[in-house]
Every structure is written in structure tokens, then in C-alpha cells.
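The structure appears below as C-alpha cells.
The values are calculated or read from the model by the stated rules, or taken from the named source; none is laboratory data. Quick caveat, the model's predicted, so the values are computed rather than measured. Cβ coordinates were reconstructed from backbone atoms using ideal geometry, including for glycine residues, and neighbour counts include every protein chain displayed. Side chains included, ligands, DNA and RNA excluded: accessible areas come from the protein's heavy atoms. Shrake-Rupley method; radii C 1.70, N 1.55, O 1.52, S 1.80 Å.
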Amino acid sequence: MKEPSAEIIIDIDVIRNNIIYLKSLISPKTKFMAILKANAYGHGLNKIAKNIDDIVDGYGLVRIEEAVSVRKFTQKKILLMQGLYNKEDARLAADKNFDSVIHNKDQLFILDNVNIHAWIKVNTGMNRLGFSPEDFLTLYKSRLTQKEFTLMSHLACSDNPADDLNTKQFNSFNDISKSLKETTPKSIGNTGCILNFPQKTFDWVRSGIGLYGGFVGNDTLEPAMTFKSQIIEIKKIKKGDRVGYNGRVIASNNMDIAIVYAGYADGLPQATLDNTKVSINNFSANIFGQISMDLVSIDITNIPNCNIGDWCIFWNKNNSLKSLAIENNLISYELMTRITPRVKVIYINS
Ligand SMILES: *Cc1c(COP(=O)(O)O)cnc(C)c1O
């Protein structure tokens, strides 16, 4: 056996299929921006950009160094979604032909740079970033009537269509739009909006989690990432024995447990609960005991022929990402982005 290591396997075809599916839900006139922030939600910025450039219209990023990196692979639009923070970076952005969000007064200096297309962000109800509708209209009258810009906002609960904050946000966005030229491009939709409000996607959607197949209430999208590691030890324990740090779990019967070479230092959440489902040799098995830095213990009592070297899958296409997130009160965004650098990364279909 080679020295074991937790691995993620990233299937580029799955990402491409997710994009094609998401695009099929919206008007062909709506442009599709792939959100690659946070190292493409943990999937590898450059590799993903290189492999989807023919089917997307642009990219959304947060950090300027990520944008510089993606520019090597594309001539398409690149948006800095949290704007620019100093003139030096604005010069670099202009030079690289980046668009930039402006979300507050401190970022208005970006407007002085004629070579940067601005996306003015309004706060329609999420109350995180963006100008209030009133401040936006004042700004519009004083500085934007002669300028080309994109109107932008962000939805707080698009993954829950029943939440009436969605209506409030769409209404506010529409009200603001009425004051602008009809030709002003607009963007409000993230993945949840594509899935739940496909008629309200305006000129640009900005889709992140959907590309990677994180769970936002839709089972057609498939996770592109498999996260797995190998069993390095198998133990028989007796009824009453306790397992792992703090002896958190107590065997209710004689049991077989497998020790798998992955822990919170690989990105498995330390707070993962007992009975969270994983998969070994196509059988479902339960996490049994507190997650250690490098190890996790799994109840394999009901799995026939389980051996050292067999793989334990924490999540893959078959949706254990969804159950892991739901059972532990986590979101798939966090599970994907918390995979640490020591985990081996393998790409397929790239
Ligand atoms: C992250 C982000 C998105 C993408 O959201 P998903 O839910 O991952 O589709 C869109 N817009 C902005 C401004 C973001 O920060």
C-alpha cells in the first residue's frame, strides 16, 4: 500500500453538465457568469477556468490575484465582485480589463477610471453590501446618467422560494430599474435564483454552487467532487467499549470499526455527528466517534469483506454531500471550500 492520503477527485464533465443544465433553465439571452471565488469553491481555480471557457460568458471572483490568474485563460468578462480597495489595484484591473463592483462610497474612485466597467451594487434587503436604494438614486443622478454601468444586487434566500424576502428584493430591484435607461444591464440571480426564479434572471446570472453541484434544493445538479480516503486499520470492539477522543461513543454491541486516514486537518468538519453516513464498498456506513485531526472511525459491522486499503467515500455524485450537510447542519459551500491543501487533488475528464 502506498502512503495513504485523503483525495478529492474532480470530474470536469460533471461541472460542464451542471452548467449546461443551469443554462437550459434560463433565457438564452441571459449571460452566464461562472463564480470561481475561493479557488472555485475548492475545486481549483485555473483548472476549472480552462475547462469551461467555451460554455460560459464570464467569471466572478473576489480577490484580485485570483482574477489575474484566470485572465491567463480567457478573454471573457471577469468581475471583481467585492470591488477594489486602492488605486494601484484599480490600475491593474484596468490593465487586465476587469469589471469591478462598487458597493460603497469608498469605492467610488473606481468611476474615475474610464477603463473599468462598474457594477453598482444595491442593497435590496440582504443588508450586507451595497448602496441603499435612496443613496443609489442620488449617486445615479449625480454621476451615472452619462455612464455605462451594470446594476447589481444579491439575493439572501433564493434557495427558499417560499421566503417573502425574495419578493421584497425583486420588487426593490424592479423599482430601482425603472429610474434607469432600459438598456442598463442588470444582474441579481445566483444559483438559487436560476433554479427557483428562472424568469427573473435579467442580463447576467452569477452561478457558483450550482456549477459544482452543491446542494441547494435541486437533485439534478451533481456534485463534481468526490472526497475519500483509505481504511488503515480494522478493529473488533466489545459491547461497552468507547471509541475515539472523549470516548464519545459507546458500543451497544460487539462491533467492527474501520479507522480511515482523514480528519479535520483534511477538511472533515470536527463537529460531524455520529451516524453521519459515508460509503464503503458501495455499502452505507456510519461515522462512529469524534473526528480526530488525521483519522475518523466508522462502524463497519454490517459491511461484508471490508479490508485495510478499501476506500471510504465521504461524498461523491451519489449525494452523500447533501446528507452530510443536512445531518450536520452545514452547507455544501462550506464542506467544499474547507478541504485543506494536504489533500491530493485528481482531475478526470479534463
Ligand atoms: C458567491 C456569489 C454568487 C454565487 O452564489 P451561488 O449561491 O454560489 O450561486 C453570486 N453573486 C455574488 C455577489 C456572490 O458573492
I need the GluC sites (Glu not before Pro) found in region 90-199, filtered to DSSP loop residues with at most 16 other beta carbons within 10 Å of theirs.
148, 182
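Can you give the convex hull volume of the alpha carbon atoms of the chain per residue, in Å³?
Cα-based convex hull of the chain, divided per residue, equals 149 Å³.
Treating only the Cβ of Lys, Arg, Asp and Glu as charged (+1, +1, -1, -1), what charge dipole size does region 225-348 show about its Cα centre? Round to the nearest 20 debye. The partial results should precede the final answer.
Details: 13 positive and 10 negative charges, 6 e Å.
Dipole of region 225-348, to the nearest 20 debye: 20 debye.
In region 300-350, which trypsin sites (Lys or Arg not before Pro) are in a loop and have at most 15 other Cβ atoms within 10 Å, using DSSP for the loop call? Present the calculation step by step, with values, prior to reporting the outcome.
Details: sites: 317, 322, 338, 342, 344; in loops: 317, 338, 342.
Answer in residue order: 317, 338, 342.
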For region 311-328 and region 241-304, what is the separation of their C-alpha centers, rounded to whole Å?
14
Farthest towards the positive end of the dipole of the chain, among 184, 44, 328 and with Cβ unit charges of +1 on Lys and Arg and -1 on Asp and Glu, lies the Cα of 184
Theoretical ellipticity at 222 nm over the chain - DSSP helices of four or more residues, -39500 (n - 2.57) apiece, nearest 500:
-7000 deg cm²/dmol
Over all distinct Cα pairs, what is the inverse of the mean 1/r for region 225-348, reported as the Kirkwood hydrodynamic radius in Å?
14.5
A chain fully extended from residue 323 to residue 181 at 0.36 nm per residue, minus the present Cα-Cα distance, gains in nm 46.5 nm
Mind listing the Cα extents of region 63-102 along all three principal axes, in Å, largest one first?
25, 16, 14
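Could you check how much of the accessible area of region 12-212 is carbon and sulfur, as a whole percent, using a 1.4 Å probe? Don't jump to the answer; show the numbers that get you there.
On the way: 4170 of 9020 Å².
The C+S portion of the solvent-accessible surface of region 12-212 is 46 percent.
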Once you've got the GNM for the chain with C-alpha springs shorter than 10 Å, pick whichever of 86, 115, 305 has the biggest mean-square fluctuation.
305
Between 133, 250, 18, whose Cα lies farthest towards the positive end of the dipole of the chain when Lys and Arg beta carbons carry +1 and Asp and Glu beta carbons carry -1, centred on the Cα centre?
133
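If packing is taken as the average number of other Cβ atoms within 10 Å across a peptide's residues, how do 249-256, 187-194, 46-53 rank, most packed first?
Details: 249-256: 14.2, 187-194: 25.1, 46-53: 19.5.
Highest mean packing first, the order is 187-194, 46-53, 249-256.
Leaving ligands, DNA and RNA out of it, report the carbon-plus-sulfur percent of the accessible area of region 225-348 at a 1.4 Å probe. Mind showing how you got there, number by number?
Details: 3120 of 6140 Å².
Result for region 225-348: 51 percent of the exposed heavy-atom area is carbon or sulfur.
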Kirkwood Rh over alpha-carbon pairs of region 12-212 plugged into Stokes-Einstein at 10 °C, 1.306 mPa s gives a D in µm²/s of 93
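Rounded to the nearest whole Å², what accessible area per residue is found for the chain with the 1.4 Å probe?
Values: 16350 Å² over 350 residues.
On a per-residue basis, 47 Å².
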When the Kirkwood radius is taken over all Cα pairs of region 92-132, what Stokes-Einstein diffusion coefficient follows at 37 °C and 0.692 mPa s, in µm²/s?
305
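Over region 12-212, what is the relative contact order in whole percent, taking alpha-carbon pairs under 8 Å and six or more residues apart?
Numbers: 362 pairs, mean separation 43.4, N = 201.
Worked out over region 12-212, it gives 22 percent.
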Kindly state, to the nearest 0.05, the FRET efficiency for residue 274 paired with residue 163, given R0 = 22 Å and r defined as their beta-carbon distance.
0.10
How big is the charge dipole of region 1-68 about its Cα centre, in debye rounded to the nearest 20, if each Lys and Arg gets +1 on its Cβ and each Asp and Glu gets -1 on its Cβ?
260
Dipole moment magnitude, nearest 20 debye, the chain about Cα centre, only Lys, Arg, Asp, Glu C-beta charged:
420
